């Protein structure tokens, strides 16, 4: 499904969010600034938006940023973006499964996941793998959609995710089902304190959540 929409993925992200998704990503990456990570993993990297922003925003610059994803279509677009920016010496994209991360224990100083954890088939297993490859004292930052709680905003959000987004996906990416899945996966995701509880269960400490844009999106973080 993601292979099929990869050619319009970046455009639809900007279009459907009116560009707010870039601000969300920047807020998430900003949480890593005090850590000054040297080696970063971006799980479910897609077209490498977060990997590229991570290099742009962090000082000193990370020595290595690796992005993994199971969609070769997404990775192909991401690799072209990295090549166009001349960052192939720092950012590398690999085919990889979040539930079986192909790196040794304690490899990374920081790990990011943007709009990917709700796609994990086994959420606890994926989070446990993230913790495994994170070094002691390292940090994970997770950006994910959530559902607004205020009545008026919740109604508008349902209209948008159930009707408008799928129709836009049909017209622009020729794939209505992918954007219907977007709504279905948001509805099924254990957001807020429920998700924080799962992070703690698999062993993360100092877990936090921060609501953005009236509840449309949430940043979660945890430490090892």
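Read the figures in this text as sums done on the coordinates, not as results from a lab. Since the model is a prediction, treat every value here as computed from it, not as a measurement. Cβ placement follows ideal geometry from the backbone for every residue including glycine, while neighbour counts extend to all protein chains displayed.
Given the chain, what percent of its DSSP beta bridges are antiparallel, to the nearest 5?
Working: 14 of 34 bridges.
Beta bridges within the chain, antiparallel portion: roughly 40 percent.
When a footprinting reagent is the concern and you count Cβ atoms within 10 Å, what order do 224, 36 take, fewest first?
Numbers: 224 19, 36 13.
Arranged by neighbour count, lowest to highest, 224, 36 become 36, 224.
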Could you check the spin-label model distance between residue 124 and residue 26? Points 7 Å from the Cα along Cα→Cβ, value in nm. 3.9 nm
With springs only between Cα atoms under 10 Å apart, run a GNM on the chain and tell me which of 114, 154, 188 wobbles the most. 188
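Relative contact order for the chain using alpha-carbon pairs under 8 Å, separation at least 6, rounded to a whole percent? If you can, show how the numbers build up before the last one.
Values: 410 pairs, mean separation 44.2, N = 224.
Result for the chain is 20 percent.
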What nm value, rounded to one decimal, do you get for the distance between residue 158 and residue 185 when each label is placed 7 Å out toward the C-beta? 2.3 nm
On the first, second and third principal axes, largest extent first, how far apart are the outermost C-alpha atoms of the chain in Å? 43, 39, 29
Using only helices, what value at 222 nm comes out for the chain when you add -39,500 (n - 2.57) per DSSP H run of length 4 or more and divide by the total residues, to the nearest 500 deg cm²/dmol? -13500 deg cm²/dmol
